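Read the structure below first, then the notes.
The values are calculated or read from the model by the stated rules, or taken from the named source; none is laboratory data. Worth saying up front: this structure is predicted, and the values here are computed from it rather than measured. Backbone-built Cβ (ideal geometry, glycine too); neighbour counts: all protein chains shown.
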Amino acid sequence: MLRNTIYRSATLLFALFIVACASTPQLSQEQVLSENAQIASLDKALQDARAQGADYLAPQGYAYSAEQLDQAIRAAMNGQNDAANASAQRGLNNLKKVDQNIAQSEDLLREVLAARSRAMDAGAATLYSRDTAALENDLRKTTALVERGQLEDVKKRRPKLIAGYEELELLSLKEGTVDTAVATLAKAKENGAAKYAPKTYKLAEEELALAQSVLDADRTKTEKANAHAARATWLANRSIGVTELIRDFDRRDYSREDVVLWYQAQLDEIAEPMETALPFDKSNRDVVTSMQGSVSDLIKQRDETAAARSQYEQELSLTAEQEAAIDKVEAMFASFEANVYQQRKNVLISAHGFRFPPGGSELEAENFTLLNKITKAIDTFPDSAIRVSGHTDSTGSHGVNQKLSEERAGKVAKFLTEVGGISADRITVYGYGASRPVASNQTTEGRSANRRVEILIENP
């Protein structure tokens, strides 16, 4: 009797547990994305990656992160938050490698991608969908090799891919814009545009009919026909985009309010770089007017900046005489004496060929050849101002280095005035010690490069 009672009680408890589990409402995908920041971040990162071409430039890595997103959403729907977050984190971590592979694929396949872009612009994906799909599959196989590090195999596959896309481009261009419009409209109809975007789809049909009627009347009027056909293609593609958006709204069970909120979120995202808070508490016309004002301000700022930059560059542009003078100065010095750099209109002579006694600043006779060359370089620009600066390596204390750099710069400036005949009013002297190295102080060569006197010739 007792055993039967225990059995019935256990059975009842188990049944209640099953009913409770069954009655627990499962989260929708939309709720998961709105309530779990990590999963939403992965979803957004995947969208961004796809926009960069990750699905064909790093297909394996992209597919793995997409799989992790699906697993994360399913786990979150079932209340398994720890598992969901773990999957989302794996997907996000993997996308860092995806970004690297995208960059490498773009670098290795630059010519392939350029040929691909031209083929797609010519309408190859619509006119020769089967051939394009096969070539796209070959491209994904090639970029998968990039992901696996088989770069030599990637290089071997490049010529075939380039030739394939170039052939598709040529074939597509030969088809003409009217045939492209016909194919795009067919694709739009197949995708349901006539049902979901009937107004846009009808306008596309009307433009195509105009193109065809123009050619029927006069086959030589290709320019006018092509204009209508191009418009028809644009409208057909737009109807496809509208259709996909409406279907997405339907899948997410959007109410009219949800659609408006989505639209406002899109505007907010567009306006974000402008750092402008849109007035969604007012009418839609006020929102649009606010965006127009912000864009107008940006355009005005851009034009003003461009004008200022143009004026600045014009002021800094070199005459033929100035360019010849700089070339002349660059040719004066051997590599062991000095490096010469052009800085806009100015010339910097970084003289590392001076020989000073250890810890001293006296100019010995072996430096006179270099000093005479510096004097001639300055004389090439008679209207210039001269900045002489001394620099040391990091050996020694800050105070010693600072004093030594000032003294050495001063001795060079003194030679330029007393021997070189350059007016002292044109020269200013600075000492920087070891604070501005141009090489590592860990090597003998680096320390030698850092022990230098620089002469900056500033031209008006």
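Per-structure values
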item: Which numbered condition G149 misses (of (1) surrounded by 14 or more Cβ atoms within 10 Å (Cβ to Cβ); (2) at positive phi); result: (1)
item: The one condition in (1) at pLDDT below 80; (2) surrounded by fewer than 14 Cβ atoms within 10 Å (Cβ to Cβ); (3) not basic (K, R) that I299 fails to fulfil; result: (1)
item: I240 part of a helix (DSSP H, G or I), farther than 21 Å from A197 by Cβ, within 30 Å of the chain's Cα centre (by Cα) and of a type in the set (V, I, T); result: no
item: Cβ-Cβ under 7 Å pairs, at least 6 apart or on other chains, region 275-295 side within 13 Å of A265 (Cα to Cα), far side of a type in the set (S, T, Y) and in a helix (DSSP H, G or I); result: L278/S290; P279/S290
item: Residue among R387, R355, R344 that alone is among the charged types (D, E, K, R), assigned by TED's automatic domain parsing to the domain that holds D327 and touching an Asp or Glu at 6+ places or on another chain (Cβ under 6 Å); result: R355
item: Residue among V388, V419, V400, V438 that alone is buried (at least 18 other Cβ atoms within 10 Å of the Cβ) and hydrophobic (A, V, I, L, M, F, W, C); result: V388
item: In region 376-409, the residues that are hydroxyl-bearing (S, T, Y) and farther than 14 Å from R436 by Cα; result: T380, S384, S397
item: Members of region 428-459 found to be under 21 Å from N367 (Cα atoms), in contact (Cβ under 8 Å) with a residue 40 or more places away in the chain, charged (D, E, K, R) and not in a loop (DSSP other than H, G, I, E, B), listed by number; result: R447, R452, E454
item: Some residue of region 232-253 being polar (S, T, N, Q) and free of Cβ contacts under 8 Å to residues at least 12 places away in the same chain; result: no
item: Helices (runs of 4 or more DSSP H) within region 30-146 that include 3 or more residues within 30 Å of A229 (Cβ to Cβ); result: 110-121, 124-127
item: Extreme residue, modelled with the highest pLDDT, among residues of region 331-369 that are surrounded by 12 or more Cβ atoms within 10 Å (Cβ to Cβ), in contact with a Phe, Trp or Tyr (Cβ under 9 Å, 6 or more places away or on another chain) and over 22 Å from R436 (Cα atoms); result: F368
